[in-house]
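Comments concern the structure below.
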Amino acid sequence: MTERDPAQTPDRVRVEHDVRRLVREEIQALSAYHVQPAAGLIKLDAMENPYPWPAELRQDWLTRLREAPLHRYPDPTAAALQARLRADWGLPPGVELLLGNGSDELIQLLVMALARPGARVLIPEPTFVMYRQLAQSVGLACEAVPLRADFDLDLPAMLAAMERHRPAIVFLAQPNNPTGQLLAPEVLARLVEAAPGLVVVDEAYAPFADFTALPWLAGRDNLIVLRTFSKLGLAGLRLGVLAAPAGWQAALEKIRLPYNVGVLTQLTMMHVLDHPDVLADQAAAICAERARLQAALAALPGVEVWPSQANFLLFRVRAGAPRVHHRLREAGVLIKCLHGAHPLLADCLRVTVGTPAENESFLHGLRAALAAAPGPL
Ligand SMILES: Cc1ncc(COP(=O)(O)O)c(C=O)c1O
């Protein structure tokens, strides 16, 4: 006798039938963004800042939170926060901001706004997976140009793809995730000049890099820069920032949900921006650790590591990435296995730069994983 799957109740079967009948095909074809369970593990998989706030900053924040008017809707445009960001970043006049619940939300707004029938998105690949995912979710076709084997951008191929596909949007993560590489400014400028539509430069990792395109916004109509506070130390808060030449913000504002940045986020951000040195010092510590970690990885036999301008490192292991990932996990360290995500990423892993102690645990676990004789996973 075959056992009945307890999940397959008649109700469930009926609902699944309705889902297939009613939900758009392009949504059904997608897979949900998967987050690895991390309980009890040293978490070096998601590009978070490993350092908590100093006790005094936290204490002052708690005092400030007591006054938070949670019974009221938040300021819908977060005007005070916007003014603060403009001043801190020295934005040129004419540049407008739009804030989001993380930069993911801003990417979603952009693809929603530009999803005309037949419009296309162009990306280099591998890159941040949400560009493709969100583009496809709104019915935009997503065209990809493979990076070169050294993970540098293939400029002639990108220019040819722009010519051929006439994309409404080109997304460029600068530095790129998961490779950590930054485009040379002249290459970026060339792409912005050649683009027939909008170029979105996603600067999620800018705090760890030597470049920002923010000053370029003054002279270019088809350039948008995205920023996030997630990698800088506020992943749990969810604040993304879109900076654009005048005109774009008003169009996107029509589809932004009115209260997408909550009272607690606005208040907490103001508090953090009153103490700019805290996150800047943490970013500097992460960059110093990145150099140390990169040198340690480069010294390991059977490991190839790429230079990074972000808070993570991409590396390849001859011993097989899934095996090494699994063994590291058994040793209590969680990193990201990219094997299978794209042909160029065969046997690649990505590790977020942690505290010195976390990085030591990672290196210790990695050495043991590499030394272990091949065997079943
Ligand atoms: C390039 C890039 N952009 C955007 C994001 C999303 O950031 P947020 O937390 O602001 O939604 C990520 C997250 O990994 C990323 O790698």
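See the values below:
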read-out	value
Residue satisfying condition, being in contact (Cβ under 8 Å) with a residue 40 or more places away in the chain and either out of contact with any helix residue (DSSP H, G or I) (no Cβ under 8 Å at 6 or more places or on another chain) or not assigned by TED's automatic domain parsing to the domain that holds Leu242 (or both), within set Leu198, Leu182	Leu182
Subset of region 224-238 that is part of a strand (DSSP E or B) and either touching a residue at least 40 places away in the same chain (Cβ under 8 Å) or away from the ligand (no atom under 16 Å from the Cβ) (or both) - its residue that is farthest from Pro92 (Cα to Cα)	Thr228
Pair list, Cβ < 7 Å and 6+ apart or interchain, from region 281-295 residues that are of a type outside the set (Gly, Ala, Ser) to residues that are part of a helix (DSSP H, G or I) and surrounded by 19 or more Cβ atoms within 10 Å (Cβ to Cβ)	Gln282/Gly233; Ile286/Phe208; Cys287/Phe208; Glu289/Asn359; Leu293/Asn359
Boolean, Ala83 is in a helix (DSSP H, G or I), free of Cβ contacts under 8 Å to residues at least 12 places away in the same chain and either at negative phi or away from the ligand (no atom under 16 Å from the Cβ) (or both)	yes
Matching option when the condition is within 22 Å of Asn101 (Cα to Cα) and either touching a residue at least 24 places away in the same chain (Cβ under 8 Å) or loosely packed, with under 15 Cβ neighbours inside 10 Å (or both), among Asp60, Asp5, Asp88, Asp11	Asp88
Scope region 104-124; condition basic (Lys, Arg) and part of a loop (DSSP other than H, G, I, E, B); matching residues	Arg116
Pairs with Cβ under 7 Å, 6+ apart, first in region 129-153 and small (Gly, Ala, Ser), second surrounded by fewer than 16 Cβ atoms within 10 Å (Cβ to Cβ)	Ser137/Glu26; Ser137/Ile27; Ser137/Leu30; Gly139/Glu26
Qualifying positions in region 326-377 - out of contact with any strand residue (DSSP E or B) (no Cβ under 8 Å at 6 or more places or on another chain) and within 20 Å of Gly233 (Cβ to Cβ)	Thr355, Pro356, Ala357, Asn359
Condition broken by Arg58, with the remaining ones in (1) within 30 Å of Ser361 (Cα to Cα); (2) assigned by TED's automatic domain parsing to the domain that holds Val351; (3) in a helix (DSSP H, G or I) satisfied	(2)
Within region 273-292, tally of residues that are over 21 Å from the mean Cα position of the chain (by Cα) and either surrounded by 18 or more Cβ atoms within 10 Å (Cβ to Cβ) or not hydrophobic (A, V, I, L, M, F, W, C) (or both)	6
Failed item in (1) surrounded by 23 or more Cβ atoms within 10 Å (Cβ to Cβ); (2) within 30 Å of Cys287 (Cβ to Cβ); (3) among the aliphatic types (A, V, I, L, M), with Leu140 passing the rest	(2)
In region 92-115, residue farthest from the ligand (Cβ to nearest atom) [restricted to those that are of a type in the set (Gly, Ala, Ser) and at pLDDT 95 or above]	Ala115
Leu65 vs. criteria surrounded by 14 or more Cβ atoms within 10 Å (Cβ to Cβ), farther than 30 Å from Phe362 by Cβ and of a type outside the set (Phe, Trp, Tyr)	yes
Residue that is nearest to Phe208 (Cα to Cα), among those in region 239-263 that are within 16 Å of the ligand (Cβ to nearest atom) and surrounded by fewer than 20 Cβ atoms within 10 Å (Cβ to Cβ)	Gly262
Filtered residue count, region 28-57, keeping only those that are over 25 Å from Leu97 (Cα atoms), at pLDDT 95 or above, within 16 Å of the ligand (Cβ to nearest atom) and not charged (D, E, K, R)	3
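The values are calculated or read from the model by the stated rules, or taken from the named source; none is laboratory data. These numbers come from a predicted model, not from an experiment. Cβ coordinates were reconstructed from backbone atoms using ideal geometry, including for glycine residues, and neighbour counts include every protein chain displayed.
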